[in-house]
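Structure record follows, encoded as structure tokens.
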Amino acid sequence: MEILASLVTAFADLFSLFGLEVFVGGMLSGIMYSLVAIGFVLVYKSSGVFNFAQGTMLLFAALTFVSLTERQVNFWVAFAITCVVMVIIGLIIERTVMRPLANQDLLSLFMATVGVNYFLEGLAQGTWDSAVHGVELGIPTDPVFVSEVIPWLDILVSKFDGFAAAVALGMVVGLYLFFQYTRTGLSLRAVSDDHMASQAVGIPLAKIWAIVWAVTGIICFIAGLIWADRLSVSFTLTWAVLKGLPVILIGGLTSIPGCLVGGLIIGASEKIGEIFFADVFGGQGIEHWWAYLTALVFILIRPTGIFGERDIERI
Amino acid sequence: MYYRETGQIVRSYVKDRSMVPLREDRWIMAVFLAFMFLVVPFIGNDYWFSAILIPMMVLSIASLGLNIASGYTGQLSLGSAGFMSFGAFTAYNFLLRVEWMNIWLAFLAAGIVAGLMGIVFGLPSLRIKGFYLLVSTLCAQFFHEWLFNAYPWFLNYASSGVVHLPYFHYRFLPFQDQIFDMLGLAKEYNAYVWRYLITLIVTVLLALAAKNMVRSSTGRNWMAVRDMDIAAKVIGIPVGKTKLNAFFVSCFYCGVAGAMYSYCYIGNLDFMIYDLRRSFLVMFMIILGGLGSILGSFLGAIFVYGWPIFVTRFGDAVFGGGYLDTAFVENNSKIVVGTIIVVLLIYQPLGFAGLWNSVKHRLRIWPFRT
Amino acid sequence: MSNTPVLAVNNIEAVYGGAILALRGVSLTVNKGEVVSLLGANGAGKTTTLKACSRLLGAERGEVTKGVIELNGEDISKLNAFDIVKQGVVQVLEGRHIFSHLNVEENLLTGSFIKNMSRAEVRRSLDYVYELFPRIKSRIKTPGGLCSGGEQQMIAVGRALMAKPSLILLDEPSMGLAPQFIEQIFEIVKRLNEEEGVSFLVSEQNAMVALRYATVGYVIENGRVVKRGSSKELLESTDVAEMYLGGGKDVSFDEVKYYHRRQPSFV
């Protein structure tokens, strides 16, 4: 009975202006997850590889950048160097791991990225260090009242979240257009469907994948920077990938706009769960599994996510 | 070479279906088991038991469990440490709260409860498949951390969040206290040997059970579902039931492994130990050892657990004690394990077990070549 | 130059995974404008031969260990699958291999990327394919995976045509298709061959149909070519009849003393 009563209060609280603020704030913070998710989906869509190393690539990028700036390297020089490093890492992964494994089943490819993940984890910390580094990019973090723009909406949001949202939106729109309307984009989709057939029609697999992994490297870097600014750079950054996971599953593994929607849903649900429902379950810290539960509910309704491509199977 | 089927003619179906068809293999197994049971307890020391043999066996059981779900049934799982944790906590609470409980029943209960949790978190597999299923097992992983943190009842309100588990608190022999008293032995007498024997017995039993399951219709159903579930359904295999019983068995093994991990290996109960990284380690074990192989589960566990120890000892031997710091060893083993995973996937997708099979095959026809 | 064969396979040997010997001596020639059929039972090595020619073998852990494959007189051992398609040789894979999440038109478009065609040219090629296969025109926006087997085979052939090939390696086009469809596909083959001068190397189990449309046929068994002849010769040969056409019941193996097709067992 007690639980029921507190559930009722929780729901009542939800439909207040405070509830709306939490909702909007949550959605915006969910964009951070979308940033991680985009790289994920890019790789999956173009090669059918579920790239578990995404989080570590992110850490590696952020760590490289921070270590360079801490050694008094100019911001933009460090930025450029990190971009180059990430492209090289992407290319190396493609050349040494993905290409020899072309045409293997998806599970082997996934396992291979788990191996890469482990390798990069060791490499990142072996090359640099495992200390916690602060990053200051100068992205404003002060909150603003939305009412300045929309008079009746009297809630606070963070400028930082707005910035992250703009970056994510830019990437999503760009990538969506790329996949839908360019030859390379179409080739990428073909490759993710059937490696053998795309080779048979003369799609240069190696070149295509090199592009993908290079772009992924850079996307990881951008996401890594924003995450680093928010959290500081440390090993915990690799867990960003775990936050990205429910996001892409909700959105659908093959959908770039899905990343955005998934991020919004997970972010909002996480904040709402934490603020309104944690007490119901008698303990803080439910946000860790709450996100997965949300994702689970969504994919139980739509097994391949909201925008994901249905599996087409014939025996 | 040593391995030859020549002259070993099978004359009955019973023989044909025997678990170890080769006479030489049977001999090796028998000698190996006799050695482990009868010799090792007398020659081993605390370090070998507590730091090497026991954890390797415990982790082998965990990886065997994961292998049943992922390797045999094709259901990806990243929650094995979570299920280990459910097992450990079940064993603890049963031993704590049930008067007549002994360690064997507690392990059984640990397996069953973890298995039931496995069914709960495996239910989504009826509707979703592939990578989408990761979310369910990850949910289990994070759920246990929260559950045991939010409800201190499970830890008997231990203020530090860790419970120490002295081995003589649990009973593993009938009339154990009386026997020890009668013989005038201290309660801690040869603690590590007892812990070793308990682990060994459970490991052997579970390995035998697994071997038999994968040879029976249960195992064939698992593999059919793994290879193509739609086709399996068409030929009349109850796909849903098969997936769930794979989850149950898999999590049963993980649960028992978790209980043993706490009781026989570290002697503490602490949910922080069963974090996501341990799930990953178990996963590496099956990738390296070989998906869908029982021998592989053992080889993988031995390698993944043993490598950092080997590097440390090797460093000590070559450069003098304490030369290599733990961070180096950790990073090194990450790089090495990561590399080996990738290399194995490229050249020998069946892992160490596949490697072993091809070596065996080569030896059998040596000096000729394939 | 004119009498150099489009494709010349000279005594090749192919191995999968460094262990399984799939081909042990296959030689064949495809001249310009010919339709050559490759007959053989399951596992005889038809697909492996075609994949060796299109350099797709590597994708399945296979490799050509001996022998030479020449394309227009040039050795292809250094080329990859991409180069082969670039040279105008496209394989239509066994089992069709449609991009199941791409719609029909997108499927066809992927075939055209290899040639740097202008938009108008691509459009023209598309229209040509639709004209050949009116049936798939009505399904332009349908995901390839949802098309029927026959339509998928049409898409697969159409996709290959988009690259404007000079030689198509057609692997078991009849697999899982109704006789009507098979006939239709082969009519297209004939038409392309006559109108566009495209050469074909067709692997088939359905020897009756294949030989009706082909000029030359090869019979392949256990990884080696055991018979070569014009379609007419093959149709009249008792071996082929007894192997594929259901005839030859009166051949008694016990009485055949020197049976020329019989191979020493290697296993």
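The values are calculated or read from the model by the stated rules, or taken from the named source; none is laboratory data. These numbers were taken from a predicted model, which means no experiment stands behind them. Using ideal geometry, Cβ is built from the backbone for each residue, glycine included, and neighbour counts are taken over all protein chains shown.
Below are the figures for this structure:
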{"item": "Selected residue [without any contact (Cβ under 8 Å) to a residue 60 or more places away in the chain, of a type in the set (G, A, S) and assigned to a helix (DSSP H, G or I)] from B:A109, B:A69, B:A114, B:A88", "result": "B:A109"}
{"item": "Pairs, first without any contact (Cβ under 8 Å) to a residue 60 or more places away in the chain in the range B:26-44, second among the β-branched types (V, I, T), C-beta under 7 Å, six or more apart", "result": "B:R26/B:V20; B:M29/B:V20"}
{"item": "Given (1) under 17 Å from the mean Cα position of the chain (by Cα); (2) surrounded by 24 or more Cβ atoms within 10 Å (Cβ to Cβ), index of the condition A:F65 fails", "result": "(1)"}
{"item": "Residue count, the range A:174-192 (criterion: within 14 Å of chain C (Cβ to nearest Cβ) and free of Cβ contacts under 8 Å to residues at least 60 places away in the same chain)", "result": "9"}
{"item": "Answer from C:E204, C:E196, C:E233 - the residue that is charged (D, E, K, R), out of contact with any strand residue (DSSP E or B) (no Cβ under 9 Å at 6 or more places or on another chain) and either more than 14 Å from chain A (Cβ to nearest Cβ) or in contact (Cβ under 8 Å) with a residue 60 or more places away in the chain (or both)", "result": "C:E196"}
{"item": "Qualifying residue in the range A:206-214 (condition: in a helix (DSSP H, G or I), within 13 Å of chain B (Cβ to nearest Cβ) and modelled with pLDDT of 85 or more)", "result": "no"}
{"item": "Output for the range A:294-315, where each listed residue is buried (at least 19 other Cβ atoms within 10 Å of the Cβ) and either part of a helix (DSSP H, G or I) or modelled with pLDDT of 85 or more (or both)", "result": "A:T294, A:A295, A:L296, A:F298, A:I299"}
{"item": "Residue within the range B:160-168 that is surrounded by 13 or more Cβ atoms within 10 Å (Cβ to Cβ), closer than 21 Å to B:L66 by Cβ and not acidic (D, E) present", "result": "no"}
{"item": "Of all residues making up the range C:124-160, the number that are surrounded by 22 or more Cβ atoms within 10 Å (Cβ to Cβ), of a type in the set (A, V, I, L, M) and within 11 Å of chain A (Cβ to nearest Cβ)", "result": "3"}
{"item": "Those helices (runs of 4 or more DSSP H) lying entirely in the range B:266-370 with at least 2 residues of a type outside the set (D, E, K, R) and within 12 Å of chain A (Cβ to nearest Cβ)", "result": "B:276-289, B:294-319, B:326-347"}
{"item": "Residue under evaluation A:A165, criteria (1) crowded, with 20+ Cβ neighbours inside 10 Å; (2) in contact with a Gly (Cβ under 8 Å, 6 or more places away or on another chain); (3) in a helix (DSSP H, G or I), criterion not met", "result": "(2)"}
{"item": "In the range C:200-215, residue farthest from C:P5 (Cα to Cα) [restricted to those that are crowded, with 22+ Cβ neighbours inside 10 Å and out of contact with any Gly (no Cβ under 6 Å at 6 or more places or on another chain)]", "result": "C:A207"}
{"item": "Any chance C:S174 is part of a loop (DSSP other than H, G, I, E, B), out of contact with any helix residue (DSSP H, G or I) (no Cβ under 6 Å at 6 or more places or on another chain) and not β-branched (V, I, T)", "result": "no"}
{"item": "Residues (small (G, A, S), touching a strand residue (DSSP E or B) at 6+ places or on another chain (Cβ under 9 Å) and crowded, with 18+ Cβ neighbours inside 10 Å) located in the range A:208-233", "result": "A:G224, A:A228"}
{"item": "The range C:78-100 - residue that is more than 8 Å from chain A (Cβ to nearest Cβ) and among the charged types (D, E, K, R) and, of those, surrounded by the fewest Cβ atoms within 10 Å (Cβ to Cβ)", "result": "C:K78"}
{"item": "Output for the range B:155-179, where each listed residue is at pLDDT 80 or above and among the aromatic types (F, W, Y)", "result": "B:Y157"}
{"item": "Qualifying position, being in contact with a helix residue (DSSP H, G or I) (Cβ under 9 Å, 6 or more places away or on another chain), more than 9 Å from chain A (Cβ to nearest Cβ) and at positive phi, among C:G33, C:G73", "result": "C:G33"}
{"item": "Flag if B:I341 is over 23 Å from the mean Cα position of the chain (by Cα), modelled with pLDDT of 85 or more and buried (at least 16 other Cβ atoms within 10 Å of the Cβ)", "result": "no"}
{"item": "Residue selected from the range B:354-370 under the condition basic (K, R) and in contact (Cβ under 8 Å) with a residue 12 or more places away in the chain, by the criterion nearest to B:I286 (Cα to Cα)", "result": "B:K360"}
{"item": "Members of the range B:95-141 found to be within 14 Å of another protein chain (Cβ to nearest Cβ), touching a Gly at 6+ places or on another chain (Cβ under 6 Å) and either of a type outside the set (A, V, I, L, M, F, W, C) or over 22 Å from B:M260 (Cβ atoms) (or both), listed by number", "result": "B:L126, B:T137, B:Q141"}
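Quick grid of which residues meet (1) under 30 Å from A:V247 (Cβ atoms); (2) touching a Ser or Thr at 6+ places or on another chain (Cβ under 9 Å); (3) surrounded by fewer than 24 Cβ atoms within 10 Å (Cβ to Cβ):
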residue: B:F32; (1), (2), (3): no, no, yes
residue: B:F35; (1), (2), (3): no, no, yes
residue: B:L53; (1), (2), (3): no, yes, yes
residue: B:M57; (1), (2), (3): no, yes, no
residue: B:I61; (1), (2), (3): no, yes, no
residue: B:F86; (1), (2), (3): yes, no, no
residue: B:G118; (1), (2), (3): yes, yes, no
residue: B:R127; (1), (2), (3): yes, no, yes
